[in-house]
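Below is one structure, written out as structure tokens; comments come after it.
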Amino acid sequence: MTKSIVVVGSINLDMVVTTPRTPLPGENILGSGFRMVSGGKGSNQALAAKKIGGSGYLLGCVGSDVFGDLILDSLKYEGLDISLIRRRSGISTGVALITVEHDTGINTIVVDPGANLTLEIDDLDALDSLFGKAGAALFQLEIPLQVVEEGSRRARCRGLKTVLDAGPPRDTSVGITKHFDVVSPNRMELGALTGVKTGGNSSVVAASRKIIDEGVPEVVVKMGDEGAVVVTREGAWHVPPFRVKAVDTTGAGDSFTAALTVALEEGMSLLGATRFACAAGALAATVKGSLTSVPDREDVEELISVQEVNWERI
Ligand code: RIB
């Protein structure tokens, strides 16, 4: 039985349009299928922790506006505990403007964090009573960075495993990773965090070593349809991808990191947990939306049982 996962993170209303292709800078193209759905890396990961691990709590902020109402209704509908979500007046709920390319599911995302940036260090006090029953704490970078740093420090002091999903890229130094047991960026986020130009596996491993040098034991890099790269002090491994038909990659990384956190909390090996996370991320890419695409645990286990995926040392 998984202990609870505490997620401290962002809550957004995602405004999504399907496009024939990703627009070029300055280009105006026609899209279709506009939809407004709940999202935000924090919400997506908290729901994934709940659906895959059994229990997820979310600390975050929305505005006192209609977007905030819509999101809270949908999170409640999904069965997520919303008691730790703060409402702020005079500021909009976070919004994400998203394009999804029709044939590939590849996205672009622009976030205005709005109320997410009003989360304060004092808000972390609400987690004191939860720390005793939680096994891991999961953060991302769509909230104030000082809250991420202090939250990870507190969680670690209380004996929780601490995991950082290093998205989206922020203007911060690699030092932000120091209170984390596991850091999981995608390739672009890894480049932004370390200043290394990341491309193939060797540059990804070199950049990951910069995080390891901060004292972080484990780095798991999300490589999209190339699977994942795992780097520790002992070596580096490639975990190949599960083969699926991607229709929308939005939120796939969120299901990945939440599944990784759940599996590690349950005591799975790092490489086994990464394979589990790859399966969750792949399944999320087969469904439109981000919150709506979070897979059930049974589906993750089923995919692992029907596709043989074995890691190799690189
Ligand atoms: O990771 C996907 C999420 O990033 C979207 O739901 C969007 O809100 C942004 O936070």
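A few remarks follow.
- Qualifying residue in the stretch 133-150 (condition: among the acidic types (Asp, Glu) and more than 22 Å from Ile5 (Cα to Cα)): no
- In the stretch 180-209, the residues that are within 19 Å of the chain's Cα centre (by Cα), part of a helix (DSSP H, G or I) and either within 16 Å of the ligand (Cβ to nearest atom) or surrounded by fewer than 20 Cβ atoms within 10 Å (Cβ to Cβ) (or both): Arg187, Met188, Glu189, Leu190, Gly191, Ala192
- Candidate set from the stretch 91-104 (those that are more than 13 Å from the ligand (Cβ to nearest atom) and surrounded by 17 or more Cβ atoms within 10 Å (Cβ to Cβ)); member that is nearest to the chain's Cα centre (by Cα): Glu101
- Evaluation of Ile212 against (1) open to solvent by 10 Å² or more (accessible area, probe 1.4 Å); (2) closer than 30 Å to Pro20 by Cβ (one fails), failing number: (2)
- Residue in the stretch 6-22 that is open to solvent by less than 10 Å² (accessible area, probe 1.4 Å), under 20 Å from Leu164 (Cα atoms), more than 16 Å from the ligand (Cβ to nearest atom) and in a strand (DSSP E or B) present: yes
- Qualifying residue in the stretch 161-179 (condition: surrounded by fewer than 18 Cβ atoms within 10 Å (Cβ to Cβ), out of contact with any Asp or Glu (no Cβ under 9 Å at 6 or more places or on another chain) and under 21 Å from Ala258 (Cα atoms)): no
- Flag if Ala246 is in a loop (DSSP other than H, G, I, E, B) and either closer than 22 Å to Thr108 by Cβ or within 16 Å of the ligand (Cβ to nearest atom) (or both): yes
- Pairs linking a residue in the stretch 33-49 that is closer than 23 Å to Glu298 by Cα and aliphatic (A, V, I, L, M) to a residue that is within 9 Å of the ligand (Cβ to nearest atom) and assigned to a helix (DSSP H, G or I), with Cβ atoms under 7 Å and 6 or more positions apart or on different chains, are Leu47/Leu291; Ala48/Asp254.
- Some residue of the stretch 292-300 being open to solvent by 10 Å² or more (accessible area, probe 1.4 Å), within 16 Å of the ligand (Cβ to nearest atom) and modelled with pLDDT under 95: yes
- Ser129 passes every criterion in (1) among the hydroxyl-bearing types (Ser, Thr, Tyr); (2) more than 14 Å from the ligand (Cβ to nearest atom); (3) modelled with pLDDT of 95 or more apart from (3).
- A count restricted to the stretch 106-125 and to residues that are surrounded by fewer than 14 Cβ atoms within 10 Å (Cβ to Cβ) and over 25 Å from Met188 (Cα atoms) stands at 3.
- Applying a threshold of 6 Å to beta carbon distances and a minimum spacing of six or more residues, or different chains, the list of pairs starting in the stretch 150-162 at a residue that is under 17 Å from Ser184 (Cα atoms) and ending at one that is of a type in the set (Lys, Arg) reads Thr162/Arg156.
- Pairs, first closer than 24 Å to Thr250 by Cβ in the stretch 71-100, second open to solvent by less than 60 Å² (accessible area, probe 1.4 Å) and of a type in the set (Asp, Glu), C-beta under 7 Å, six or more apart: Ser92/Asp65; Thr93/Asp65; Ala96/Asp14; Ile98/Asp14; Val100/Asp248
The values are calculated or read from the model by the stated rules, or taken from the named source; none is laboratory data. Here the structure is a predicted model, which means the values were calculated and not measured. Glycine gets a Cβ as well: all are built from the backbone with ideal geometry, and neighbour counts include every protein chain shown. Each accessible area value is taken on the protein alone, full model and side chains, heavy atoms only, with ligands, DNA and RNA left out. Shrake-Rupley method; radii C 1.70, N 1.55, O 1.52, S 1.80 Å.
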